[in-house]
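Colleague: Structure in structure tokens, see below.
The values are calculated or read from the model by the stated rules, or taken from the named source; none is laboratory data. Model, not experiment: these values are computed from the prediction. Here the Cβ positions follow ideal geometry from the backbone for every residue, glycine too, while neighbour counts run over all protein chains shown. Just so you know, the surface numbers come from the protein's heavy atoms only, side chains and all, with ligands and any DNA or RNA stripped out. Shrake-Rupley method; radii C 1.70, N 1.55, O 1.52, S 1.80 Å.
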Amino acid sequence: MWRLNKVRHKAGRQGDGLEELRLKRREHERALRQARRDRQLVSKRLLLSEDEEQQDITMDTTAGEQDVVSLVHKLQHSGPEKETNLKALSKALRDPSAQLTFIKQENSMHLLVGLLTGSDAQCRLQAVRCLHELSHSPHKNVAPACLPATSYLLTYLSGPSTKFTELCLYTLGNICPDSDVVKEKLLAQGIIPALTSCMENQRHNLAVVEAVGFTLSQLLQTKDAAEKIIPMVLASRLPSHLLSVLTPDPKFGLAPAIECAWCLHYLTCSSEDNRELLSGGALLQCSSLLVSLGRAVAEGNKDEGIELLVCPVLRCVGNLLSSCPVEDLSTQVGDVHLVVALCALVQAYLHTRPALARETVWVLNNLTAHSNEFCSALLTLNLVPGLIQLLPFSQGINTMILRILANIAHKKKEFCVQLTQLGLLSALCATLKMMDQEMVTLSLDVLFMLVVSSPQVAEEFVKQGGLSLLEAIQYNGEGERRRRATYLLEQHLLSYQQYSTIT
């Protein structure tokens, strides 16, 4: 099992101020990733320059508008201090009002593009740093102002410098969701082939891979992505590269896998049949990773990075299962121990992350809906008692558990007998009394499958006082619940009424 590191950040010299900056950035990025658990979230990333981390830690970065005007004037007139002025400009552009001032200056963006494409490597780096600061702007009109630079940013993705490539990627990722004009221009300029090529050329450079994942995830969350962007991505080699990253590196940590897993999630939830992803082994790869994550959680690993990776991988598996042909399910999933991993994840997140536990049982429901093999595995591996114990829990978890138990009961009469032996009847006696009407309806469905499977099951239900429960529903329930209770009583249970007095 890999060592599950925290989200990866740049290395640099140690120091109290530097460590404080890193902690703040780490907390910010963690918050963004956590927010994505429950909704799609377009976010922006700001990379700190190494110069700033190492030397200018306490420097005030909120330079005024006049400073920007002065720096642009100095850069327009060249001079030996061009690199110094660019560094000062990049720091001044942290101020949102200064960003607006900059784009309003005549020829300011063309000046920056000229420096970006010039022969001086250090000036190129500082120019892309300025663009990166602009891309982080909260103002929607700043992103379109950066359009003259986008074709060069895409070209530079094939460059040898990790730092430069990262800045280009995060800059592109920051500006693409801000404007349909920017998005359309980037697509026309070939951002999908550029990201594919970058991923291929830098597949061993996980800092760049993480940045590619971020930029692609930003694109995949834009408006009309399902119609315009996702078909282009599926037709490229990007999905196979994304899947290859789902084996986290022991030294680097989970961040690249998290970014790529979110990309795969956006692909799986937007495609109708997921044919391309299934044929590329996406379900097998994601299921295998989920088995490993479940094992780590079961062994007591509490690393927050696991949780942030589990969420998108769960969603990928759940979506792919719903698209997978029934006859291919065993081959596509591979390991029946996936049910063990899912049950471990439910138990781990039940109290601390109930939303994540709910998504886990949703995946387990999809897995058991059409598979005798996985239903049998839940019984053989003695996982059903743990599921029955979850029936008192609310927040949608208990209803999904009942659906899973219904999937098992529906497959074979022998499974119904086993479920009864494991205590499901007494649990149903409790759920039939619940105020949640969906729980009552589902309980009636499961009960019907159990009692018709064997006379002994029906007899046992009556012995446990089940008749009075159904009579209460028959007289106090409404509509479909009343009809189901009546049918069970009249057609299957009243003949066993003699056993109702037995204790």
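Colleague: Which order do peptides 235-245, 333-343 fall in by mean Cβ count within 10 Å, highest first?
Modeller: On the way: 235-245: 18.9, 333-343: 21.0.
Highest mean packing first, the order is 333-343, 235-245.
Colleague: Follow-up. Would you kindly derive the ³J(HN,Hα) couplings of segment 182-198 from the backbone phi angles with the Karplus curve 6.51 cos²θ - 1.76 cosθ + 1.60 (θ = phi - 60°), listing them in order in whole Hz, with x for Gly and Pro?
Modeller: 5, 4, 5, 5, 5, 5, 5, 7, x, 5, 5, x, 5, 5, 4, 4, 4
Colleague: What does the accessible area per residue of the chain come to in Å², with a 1.4 Å probe and no ligands, DNA or RNA counted? All intermediate terms of the calculation are to be shown ahead of the outcome.
Modeller: Details: 21420 Å² over 503 residues.
It amounts to 43 Å² per residue over the chain.
Colleague: Taking segment 277-376, which trypsin sites (Lys or Arg not before Pro) meet the DSSP loop condition and have no more than 13 other C-beta atoms within 10 Å?
Modeller: Details: sites: Arg295, Lys302, Arg315, Arg358; in loops: Lys302.
Within segment 277-376, the qualifying trypsin sites (Lys or Arg not before Pro) (loop, at most 13 other Cβ atoms within 10 Å) are Lys302.
Colleague: I need the shape label for segment 176-234. Rule: rounded when a/c is under 1.5, else prolate if a/b > b/c, else oblate, with a, b, c from the alpha carbon gyration tensor. Could you put the intermediate results ahead of the total?
Modeller: Working: a/c = 2.01, a/b = 1.84, b/c = 1.09.
Since a/c reaches 1.5 and a/b is larger than b/c, the shape of segment 176-234 is classed as prolate.
Colleague: (1) 22.7, 74; (2) 28.8, 103; (3) 23.1, 85: which one is Rg and Dmax of the Cα atoms in Å as calculated from this entry?
Modeller: Given (1) 22.7, 74; (2) 28.8, 103; (3) 23.1, 85, the calculated one carries the label (2).
Colleague: Would segment 124-272 count as rounded, prolate or oblate if I go by the C-alpha gyration tensor, calling it rounded below 1.5 in a/c and otherwise prolate when a/b exceeds b/c, oblate otherwise? Intermediate results must be reported in sequence, preceding the final value.
Modeller: Working: a/c = 1.71, a/b = 1.15, b/c = 1.49.
Cα axes put segment 124-272 in the oblate bin.
Colleague: May I ask for the distance between the Cα centers of segment 420-479 and segment 281-335, given as a whole number of Å?
Modeller: Answer, in whole Å: 33.
Colleague: Gly253's amide H: which non-local residues (gap 5+, or another chain) put their own amide H closer than 5 Å, with H modeled 1.01 Å from N in plane and none for Pro or chain starts?
Modeller: Under 5 Å from the amide H of Gly253 lie the amide H atoms of Asn5, each far enough along the sequence or on another chain.
Colleague: Could you give the nm distance between label points at Glu83 and Ser244, where each point is 7 Å from its Cα heading toward the beta carbon?
Modeller: Distance between the two pseudo-spin positions: 3.5 nm.
Colleague: Hey, another quick one. Once you wrap a convex hull around the alpha carbon atoms of segment 273-411, what is its projected area averaged over all directions, in nm²? Could the numbers behind the result be given before it?
Modeller: Values: hull surface 30.5 nm².
Its average projected convex-hull area is 7.6 nm².
Colleague: Rounded, prolate or oblate: pick one for segment 199-310, where a ≥ b ≥ c are the square roots of the eigenvalues of its C-alpha gyration tensor, a/c under 1.5 means rounded, and failing that, prolate if a/b is larger than b/c, else oblate.
Modeller: Here segment 199-310 falls in the prolate category.
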